[in-house]
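Trainee: Pasting a structure below so you can have a look.
The values are calculated or read from the model by the stated rules, or taken from the named source; none is laboratory data. Here the structure is a predicted model, which is why all the values come from computation and not from measurement. Note: ideal-geometry Cβ built from the backbone for every residue, glycine included; neighbour counts use all protein chains shown. With ligands, DNA and RNA removed, areas are computed over all heavy atoms of the protein, side chains included. Shrake-Rupley method; radii C 1.70, N 1.55, O 1.52, S 1.80 Å.
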Amino acid sequence: MPRGWTWLLLFEAGCRMTNMVPWAIKRPIASLVAHSVFRLSRRMRASTCANMAIMLGSPPSDGSVRRLARRSIENYLLQALTMAEAYLAPPVELHRQVRFFSPLARERAHHILGGGPVIVATCHFGTWDAAASWGASVSDIHVVQESFSNPGLTAVFRRLRVHLGMKSLDMRRDIRQMFSVLRKGGRVAILVDRPLDRGGVPVTWFGRITRLPAGVAKLAIRTNAEIIPLVVYRGGSGEAILRVAESIIPDRTAPREAEVKRLLQATVASLERHIRTAPDQWYQFRTFWPAAGC
């Protein structure tokens, strides 16, 4: 049995159970569960409201902030149910849900798949795995995955992404392989919205300073890879709508520290513009700006 096999068995059983329920029932259940989690989990409620308050420029206790935080939890549950459905179906079923925000988004998406080296910078937003799976059906996509303290959870997410056609790289163990993929002209996708209490690079996001890992920028500089920010909206009928930003090109002649900060700031500024159009699809349930508190 593979490591974490108990979690894998539970995950597969859960997928089969939820997929027996039609979406007409799953949607209101997701709403009810989100409402319950919001009320019962003080930590998640406080952190999510603190984040949404900064995005809206309102107090955490404001009704609009609380509604936005609750919708974010609900949308995350809908995203999880979509992935549970995709796990038991051929990946092509998920690919059929992919749409493009505009002809320009389509052009830029195909540029990602045709050119290289490329770092796709995205965040915990919408239904991001659907886009990665679609891209993997056209060209190799290496997805950088976080390792959880519970190895079973790590195995679950790895199994899901392998099923969807992606190649999974461990955030800590596979750093050399990330460089190798990019130096060969490949594509690596990374979630950049992982706040740090210390270390990392200070950047401004939604008008406040937070600290994020420098990995995206350092990879780009050392491999001469362009960074392409991308978000995937979840449409009203469950479709995955790709919105692809303009490439960010590293300047390898610039002072290294300043260039790392410039690249990372440009990346998060691009993602911020897209998140603002659908803030309830940004899934950030830990305090993103540590100075803001909970």
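Trainee: Pairs of alpha-carbon atoms within less than 8 angstrom and 6+ residues apart define the contacts here; what relative contact order does the chain have, in percent? It would help to have the intermediate numbers written out before the result.
Mentor: Working: 493 pairs, mean separation 72.4, N = 294.
This gives 25 percent for the chain.
Trainee: I would also like to ask the following. Compute the accessible area per residue over segment 179-294, keeping the other protein chains in place, probe 1.4 Å, unit Å².
Mentor: Values: 4930 Å² over 116 residues.
Heavy-atom accessible area per residue stands at 43 Å².
Trainee: Also, quick follow-up: For segment 118-167 and segment 51-113, what is the centre-to-centre distance using only Cα atoms, to the nearest Å?
Mentor: With segment 118-167 and segment 51-113 each reduced to a Cα centre, they are spaced 15 Å.
Trainee: Based on DSSP H assignment, which helices of the chain show an axial Cα extent of at least 30 Å together with a mean Kyte-Doolittle hydropathy greater than or equal to -1.0?
Mentor: 63-87
Trainee: Okay, next question. Tell me the net charge near Thr253. Cut-off is 13 Å between Cβ atoms, Thr253 excluded, with +1 for each Lys or Arg and -1 for each Asp or Glu.
Mentor: Details: positive: Arg252, Arg256, Arg262; negative: Asp251, Glu259.
Every neighbour counted, the sum reads +1.
Trainee: Further question on the same structure: Counting Lys and Arg as +1 and Asp and Glu as -1, each charge on the Cβ, what is the dipole of the chain about the Cα centre in debye, to the nearest 20?
Mentor: On the way: 41 positive and 21 negative charges, 103 e Å.
Dipole size: approximately 500 debye.
Trainee: Using a 1.4 Å probe on the protein heavy atoms, what percent of the accessible area of segment 31-89 belongs to carbon and sulfur? It would help to have the intermediate numbers written out before the result.
Mentor: On the way: 1490 of 2810 Å².
Of the solvent-accessible surface of segment 31-89, carbon and sulfur hold 53 percent.
Trainee: Quick one: pull the percent of accessible area on segment 134-259 belonging to carbon and sulfur, 1.4 Å probe, ligands and nucleic acids left out. Show your work: numbers first, answer last.
Mentor: Values: 2850 of 5830 Å².
On segment 134-259, the fraction of accessible area on carbon and sulfur atoms equals 49 percent.
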